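The values are calculated or read from the model by the stated rules, or taken from the named source; none is laboratory data. Given the structure is predicted, the values throughout are model-derived calculations rather than measurements. Virtual Cβ from ideal backbone geometry, glycine too; neighbours counted across all protein chains shown.
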Amino acid sequence: MKNNISFYLIFFFLTNLIGLPTKSDPIFDLGKDIFLNKAECSTCHTLADAGSKAEIGPNLNDIKPDKIRVILTVTNGIGVMPAYDGQLTSEEIDAVSHYVSIAAAK
Ligand code: HEC
């Protein structure tokens, strides 16, 4: 028991040291990673939380889409925006939509 507590203390100390938030939302973090890297939404969309500035698609901070709207858009595509069905798993689409709906509303 004592060892377990020291383990957690060390764990939290180390995660703080390398700058990771200890109170985090793992789905939000995963979604942000997908937004920036795997799906590269950031190449077309401005979103302040992600630090992206692109004007091919609408500014997500302006349109503040809710989660359902993002899921539908990412799954089916819209206009020149590609559909991600088949490229992202449904868990990944859910995560990126969770992220965008929260980050855009900030
Ligand atoms: C190739 C550029 C491009 C990429 C990559 C891209 N988008 Fe888009 N996106 C657009 C364009 C352009 C529109 C506007 C389409 C229209 O209304 O005709 C749009 C529209 C949207 C909308 C608004 C849809 C609506 O209801 O009006 C959302 C939300 C969105 N994109 C989210 C995302 C997310 C999340 C990703 C990454 C998974 C992404 N986009 C990747 C170009 C892109």
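Output the residues belonging to the stretch 64-102 that are within 6 Å of the ligand (Cβ to nearest atom) and part of a helix (DSSP H, G or I).
Residues satisfying the conditions are 69, 70, 73, 74, 96, 100.
Conditions: (1) free of Cβ contacts under 8 Å to residues at least 24 places away in the same chain; (2) assigned to a loop (DSSP other than H, G, I, E, B). Residue 57 meets all but one. Number of the miss?
Checking residue 57 against (1) free of Cβ contacts under 8 Å to residues at least 24 places away in the same chain; (2) assigned to a loop (DSSP other than H, G, I, E, B), the one that fails is (1).
For residue 78, are the conditions met, namely being over 17 Å from the mean Cα position of the chain (by Cα), among the aliphatic types (A, V, I, L, M) and surrounded by fewer than 18 Cβ atoms within 10 Å (Cβ to Cβ)? Break it down stepwise before answering.
Numbers: over 17 Å from the mean Cα position of the chain (by Cα): yes; among the aliphatic types (A, V, I, L, M): yes; surrounded by fewer than 18 Cβ atoms within 10 Å (Cβ to Cβ): yes.
In short, yes.
Do we have residue 28 as in contact with a strand residue (DSSP E or B) (Cβ under 8 Å, 6 or more places away or on another chain), part of a helix (DSSP H, G or I), at pLDDT 95 or above and of a type in the set (Phe, Trp, Tyr) here?
Judged against the criteria, residue 28 is not a match.
Yes or no, residue by residue, for (1) over 21 Å from residue 26 (Cα atoms); (2) among the acidic types (Asp, Glu); (3) surrounded by 12 or more Cβ atoms within 10 Å (Cβ to Cβ):
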position	(1), (2), (3)
48	no, no, yes
56	yes, no, no
70	no, no, yes
85	yes, yes, yes
88	no, no, yes
95	no, no, yes
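Output the residues belonging to the stretch 24-57 that are away from the ligand (no atom under 13 Å from the Cβ) and hydroxyl-bearing (Ser, Thr, Tyr).
Once the filter is applied, which keeps residues that are away from the ligand (no atom under 13 Å from the Cβ) and hydroxyl-bearing (Ser, Thr, Tyr), the stretch 24-57 yields only 24.
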